[in-house]
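For reference, the structure discussed in these notes is given below.
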Amino acid sequence: MNSKTIQIKLENGLDARPVALLVQEASKYDSRIYICTGDKKVNAKSIMGMMSLGLAAGEELTVTADGEDEDAAICGLEKFLGNNA
């Protein structure tokens, strides 16, 4: 199991379209992936769970992945949330 704290650098934060794209990115990996912020922990592959977080640009979250490709999963989500920077 691996985890990393990441700052959201997407201009509009995680509104509907970026959440859908994030769920697509997370779904590319076999690992179980969770997004944690404050007292909430949601499955990164669940669009409804991700929408419930309502995260804005500049906020921090923790990505946790557990599985064969956990390192690649965290790296992929970090690139996405960093606006591919």
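The values are calculated or read from the model by the stated rules, or taken from the named source; none is laboratory data. Fair warning: this is a prediction, and the values are worked out from it, not measured in the lab. We place every Cβ from the backbone using ideal geometry, glycine too, and count neighbours over all the protein chains shown. What goes into the accessible areas is simple: the full protein's heavy atoms, side chains included, and nothing from ligands, DNA or RNA. Shrake-Rupley method; radii C 1.70, N 1.55, O 1.52, S 1.80 Å.
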**Report entry** (1) 1.34; (2) 0.91; (3) 1.32, with the label sought being that of the calculated Rg/Rh (Cα atoms, Kirkwood Rh)
**Finding:** (2)
Query raised in the report: Given +1 on the Cβ of Lys and Arg, -1 on the Cβ of Asp and Glu, and no further charges, what dipole in debye does the chain carry about its Cα centre, rounded to the nearest 20?
Result: 200
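Tell me, what % of the accessible area of the chain is carbon and sulfur with a 1.4 angstrom probe?
46
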Query raised in the report: Once label points are set 7 Å from the Cα along Cα→Cβ at both Asp39 and Lys4, what is their separation, rounded to one decimal in nm?
Result: 2.9
Report summary line: For the chain, longest principal axis from Cα atoms; helix 16-27 axis from its Cα atoms; angle between them, nearest 10 degrees, is 10
Report task. Could you pull out every residue, at least 5 positions away or on a different chain, whose amide H is within less than 5 Å of the one on Asp30? Hs are placed 1.01 Å off N in the peptide plane, and Pro or chain starts have none. Result -> Asp69
Report summary line: A correct Karplus calculation of ³J(HN,Hα) over the stretch 46-58, with 6.51 cos²θ - 1.76 cosθ + 1.60, θ = phi - 60°, whole Hz and x for Gly and Pro, returns 9, 5, 5, x, 5, 5, 5, 6, x, 8, 9, 4, x
Report summary line: Amide H proximity to Gly13 below 5 Å, modelled H, separation 5+ or other chain, gives Ala57
